[in-house]
Structures are given as structure tokens and as C-alpha cells.
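Report on the structure given below.
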Amino acid sequence: AQSVTQPDIHITVSEGASLELRCNYSYGATPYLFWYVQSPGQGLQLLLKYFSGDTLVQGIKGFEAEFKRSQSSFNLRKPSVHWSDAAEYFCAVGAGNAGKSTFGDGTTLTVKP
Amino acid sequence: NAGVTQTPKFRVLKTGQSMTLLCAQDMNHEYMYWYRQDPGMGLRLIHYSVGEGTTAKGEVPDGYNVSRLKKQNFLLGLESAAPSQTSVYFCASRQGFLNTEAFFGQGTRLTVV
């Protein structure tokens with residue numbers, strides 16, 4: 001069965017600092033990986049996705065993620081965090097013909113001024 | 001462009017009452033999903049549908065029923081609400097191919113007292 005682990009429940013960074021959110025997955029074949037962001041009271045919005053090819057993928061809002069098969073990881077990064085990035089971030093792995101995704105428990109990002 | 005619309009946005013039920021949550025999408029997507037989100041637990045799949053007239057159980061289907069009579073609508077029913085069903089419910093849809101992103105509604109906050 002597929003699974004996703006986000007080891008950090010809550011991360012606080014200062015505005016302008018760099019950010020890395022960790023995601024580890026368990027899946028038997030080549031995974032389809034996603035990062036979503038959820039602002040308070042909102043639904044989830046896709047930041048980026050990985051299916052194949054270049055292991056470094058670029059997303060919206062200046063985010064990027066790197067797929068490392070050897071480490072079963074898909075960490076999300078941003079070089080300089082803005083106050084508007086404060087939100088909850090979910091990593092997900094998708095599999096199966098129904099496109100069912102398994103989500104991690106989420107990481108809440110707080111940005112200090 | 002509405003995307004995925006959930007109705008209602010908020011609801012308070014008494015234990016034992018029934019209700020139906022409506023999800024409507026205007027993107028002609030084949031696949032639709034119902035998730036529940038609880039603090040610290042990410043999103044868990046309740047039921048899903050891979051096309052009009054089809055439904056299937058997800059990870060936590062007990063106490064819920066669904067119907068997909070029209071392609072654009074996916075209904076989630078609670079026949080006899082319980083306090084354990086207090087949660088935020090999200091509907092999502094995707095085009096039908098594994099590597100397409102899921103689009104989420106803004107959620108329904110349900111409280112069962």
C-alpha cells in the first residue's frame with residue numbers, strides 16, 4: 001500500500017529565509033507525486049507535480065521540488081519565503097487507474113516578520 | 001469559471017439527523033472524490049467515482065453513501081449523523097487521467113452535536 005510521511009508537523013521561518021518541507025513516500029513502482037497548498041478556510045491548490053523526467057520540478061509561486069528515488073523523498077523548497085506563503089502544505093502520492101491520491105498529514109508553515 | 005462548488009459551506013446537525021452534501025463541477029471531469037479532513041490527519045478518501053453512475057469505497061466509507069447520477073454532480077449522504085463525523089469535507093475532481101491535477105472545492109465544515 002502506498003503511504004506518505006511528512007515528518008514536520010509545524011515549521012516556522014523568517015520572511016526572506018529559505019524553506020524546505022520534507023516528504024517521504026512508500027510506493028512499489030514509479031510514483032506520481034504532488035505538493036498542494038491549503039490556505040485557511042480554502043480548498044487545496046496544486047503547487048507542482050512529478051511524473052517522470054527531470055527530477056527537479058518547478059511549480060507556482062516560486063516553489064520547486066526534487067524527486068530522489070534513492071531516498072524515497074520529494075522535498076519542497078523555496079529560496080525566499082514571503083509572508084503570504086503561510087499555509088498548510090500537503091504532499092501526496094497518486095496511484096491506480098482511479099487516480100486516488102494518498103495524502104500526508106500536512107505541514108503547517110508559519111512565517112515570522 | 002466556477003470549478004468545483006460545494007454546498008453547503010457550513011452545517012450543524014444533531015446526532016441521528018441526515019443530510020446530503022452536494023459537489024458540482026463544471027469542467028467535464030470524469031473522476032470525482034469525497035475526502036474528510038481532520039486535524040493532524042491529512043485528507044482521507046471516503047468514496048470516489050470514475051464516471052457517471054459509478055461509485056466506489058475509499059479509505060473511510062462507513063456511515064456515508066454517495067451517488068453520481070449526473071456527471072457533474074457527486075452527492076455525499078449521511079443517513080444518521082454521529083459526532084465522529086464532525087469534520088471538514090472536501091470534494092475534488094480530475095479529468096480522468098492519473099497525471100492530471102485534482103481540483104478541490106472550498107470545503108464543507110460539518111459539526112454534529
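Strands (runs of 3 or more DSSP E) fully within the range B:19-113 that include at least 1 residues being in contact (Cβ under 8 Å) with a residue 40 or more places away in the chain: B:19-25, B:31-37, B:43-49, B:73-78, B:87-94, B:108-112.
Any chance you could count how many residues in the range B:102-113 are buried (at least 18 other Cβ atoms within 10 Å of the Cβ) and within 11 Å of chain A (Cβ to nearest Cβ)? The qualifying residues number 6. Residue count for the range A:49-59 under the criterion of being part of a loop (DSSP other than H, G, I, E, B), surrounded by fewer than 17 Cβ atoms within 10 Å (Cβ to Cβ) and either within 11 Å of chain B (Cβ to nearest Cβ) or not acidic (D, E) (or both): the result is 4.
Checking the structure you have, find out if any residue of the range A:74-88 is facing another protein chain (nearest Cβ under 10 Å) and in contact (Cβ under 8 Å) with a residue 12 or more places away in the chain. Within the range A:74-88, one or more residues are facing another protein chain (nearest Cβ under 10 Å) and in contact (Cβ under 8 Å) with a residue 12 or more places away in the chain.
Taking (1) touching a Ser or Thr at 6+ places or on another chain (Cβ under 9 Å); (2) of a type in the set (D, E, K, R); (3) within 14 Å of chain A (Cβ to nearest Cβ) in turn, B:E79 satisfies each apart from (3). Based on this model, can you work out whether A:F34 counts as of a type in the set (A, V, I, L, M, F, W, C), touching a residue at least 60 places away in the same chain (Cβ under 8 Å) and under 18 Å from B:A102 (Cα atoms)? Here the answer is yes, as A:F34 does meet what is asked. Looking at this structure, is A:L21 modelled with pLDDT of 90 or more and closer than 23 Å to B:L45 by Cα? Judged against the criteria, A:L21 is not a match.
Give the residue that is farthest from the other protein chains (Cβ to nearest Cβ), with candidates limited to residues of the range A:28-48 that are under 16 Å from the mean Cα position of the chain (by Cα) and surrounded by fewer than 19 Cβ atoms within 10 Å (Cβ to Cβ). Looking at the filtered set, the residue picked out is A:S39.
The values are calculated or read from the model by the stated rules, or taken from the named source; none is laboratory data. It should be emphasised that the depicted structure is a prediction, and the values quoted were computed from it without experimental measurement. Cβ: placed from backbone, ideal geometry, glycine included. Neighbour counts: every protein chain shown.
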